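Notes follow once the structure below has been shown.
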Amino acid sequence: MITSNVAFYPCVDIEKTEQFYSKIIGLKLVFSGPGSRIFACGAGGHFGFVEYSDKKAAKGRLCLSLNCETEEQVSEYYQAVIRAGGKPKGEPGLHLFQPVFSFFIEDPNGYLVEFQRIQGVQL
C-alpha cells in the first residue's frame with residue numbers, strides 16, 4: 001500500500017533551501033541528512049531536496065504547487081509569506097486561461113512555488 005509521496009529536486013544550497021521552505025513557506029522539516037532535506041506538504045505529500053556535487057538546479061523549469069482549500073487560504077498564505085520576509089512575484093489572483101487562483105514566489109534555486117486553489121477540484 002502506498003502511504004505518501006516525496007518528489008525530489010536538485011538544489012544549489014541545501015541550507016538556504018531549508019531556511020526558505022521552513023521559515024518563509026512554513027513547511028515542516030521531516031528529514032535532514034547530509035545534503036538532503038524532506039518537507040511535509042500536508043496529506044502525505046512531500047518535497048525533497050538534494051544538493052548534488054555539481055550544485056545545479058533546474059532553474060526556471062519547475063513549479064512546485066501547494067494546494068489550498070479556498071481562495072481565502074491562498075490570500076492568508078500570501079500575507080504569511082510576506083510577514084516571514086518573502087517576496088511574492090505578485091498578488092493572489094485568477095489566472096487568465098485556467099480556473100486557478102494563486103500567487104507565486106521564487107525559491108533560492110530558481111524554482112517557482114505556487115500557493116493555489118483550483119476551482120472545481122478538491123486535491
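Which residues, taken from region 99-111, are within 19 Å of F20 (Cβ to Cβ) and either within 12 Å of the chain's Cα centre (by Cα) or in a loop (DSSP other than H, G, I, E, B) (or both)?
If the condition is that a residue be within 19 Å of F20 (Cβ to Cβ) and either within 12 Å of the chain's Cα centre (by Cα) or in a loop (DSSP other than H, G, I, E, B) (or both), then F103, F104, I105, E106, D107, P108, N109, G110, Y111 are the ones that fit.
Residue check, D54 against (1) under 16 Å from the mean Cα position of the chain (by Cα); (2) surrounded by fewer than 12 Cβ atoms within 10 Å (Cβ to Cβ); (3) charged (D, E, K, R), all met but one. Which one?
Status for D54: all satisfied but (1).
Which residue, of G90, G86, is in a loop (DSSP other than H, G, I, E, B), surrounded by 11 or more Cβ atoms within 10 Å (Cβ to Cβ) and at pLDDT 95 or above? Before you say what the answer is, go through the steps one by one.
Values: G90 fails: surrounded by 11 or more Cβ atoms within 10 Å (Cβ to Cβ).
Every option except G86 fails the conditions.
Any residue in region 62-80 that is among the charged types (D, E, K, R), touching a strand residue (DSSP E or B) at 6+ places or on another chain (Cβ under 9 Å), assigned to a helix (DSSP H, G or I) and touching a residue at least 40 places away in the same chain (Cβ under 8 Å)?
Yes, region 62-80 contains at least one residue that is among the charged types (D, E, K, R), touching a strand residue (DSSP E or B) at 6+ places or on another chain (Cβ under 9 Å), assigned to a helix (DSSP H, G or I) and touching a residue at least 40 places away in the same chain (Cβ under 8 Å).
Kindly evaluate L29 against the criterion of being buried (at least 16 other Cβ atoms within 10 Å of the Cβ) and not in a loop (DSSP other than H, G, I, E, B).
Values: buried (at least 16 other Cβ atoms within 10 Å of the Cβ): no; not in a loop (DSSP other than H, G, I, E, B): yes.
No, not satisfied.
From the list G42, G35, pick out the single residue that is surrounded by fewer than 16 Cβ atoms within 10 Å (Cβ to Cβ), under 18 Å from N109 (Cα atoms) and free of Cβ contacts under 8 Å to residues at least 40 places away in the same chain.
Values: G42 fails: under 18 Å from N109 (Cα atoms).
Criteria check complete, one pass: G35.
If you go through region 1-21 one residue at a time, how many are under 20 Å from R83 (Cα atoms), in contact with a strand residue (DSSP E or B) (Cβ under 9 Å, 6 or more places away or on another chain) and surrounded by fewer than 15 Cβ atoms within 10 Å (Cβ to Cβ)? Spell out how you get there, then give the answer.
At the first step, the residues of region 1-21 found to be under 20 Å from R83 (Cα atoms) are 16-21.
With the extra rule that they be in contact with a strand residue (DSSP E or B) (Cβ under 9 Å, 6 or more places away or on another chain), the set shrinks to 17-18, 20-21.
Checking which are surrounded by fewer than 15 Cβ atoms within 10 Å (Cβ to Cβ) leaves us with none.
Number satisfying all stated conditions: 0.
Among the residues of region 87-98, count how many are under 28 Å from S4 (Cα atoms) and either within 15 Å of the chain's Cα centre (by Cα) or touching a residue at least 60 places away in the same chain (Cβ under 8 Å) (or both).
Matching residues across region 87-98 total 0.
Anything in region 112-123 that is outside any loop (DSSP other than H, G, I, E, B), surrounded by fewer than 21 Cβ atoms within 10 Å (Cβ to Cβ) and of a type in the set (A, V, I, L, M)? List them, or say none. Don't jump to the end; show me each part of the working.
We begin by selecting, within region 112-123, every residue outside any loop (DSSP other than H, G, I, E, B); these are 112-118.
Filter once more, keeping what is surrounded by fewer than 21 Cβ atoms within 10 Å (Cβ to Cβ): 112, 114, 118.
Selection gives L112, I118.
Is region 36-46 home to any residue that is of a type in the set (A, V, I, L, M), assigned to a loop (DSSP other than H, G, I, E, B) and within 13 Å of L64 (Cα to Cα)?
The first filter runs over region 36-46 and keeps only residues of a type in the set (A, V, I, L, M), leaving 38, 40, 43.
If we keep only those that are assigned to a loop (DSSP other than H, G, I, E, B) as well, we get 43.
Applying the additional criterion that residues be within 13 Å of L64 (Cα to Cα) yields none.
So far as region 36-46 goes, no, none of its residues is of a type in the set (A, V, I, L, M), assigned to a loop (DSSP other than H, G, I, E, B) and within 13 Å of L64 (Cα to Cα).
The values are calculated or read from the model by the stated rules, or taken from the named source; none is laboratory data. The structure presented is a predicted model; accordingly, all values stated were derived computationally and were not measured. Positions of Cβ are generated from backbone atoms using ideal geometry, with glycine treated the same way; all protein chains shown enter the neighbour counts.
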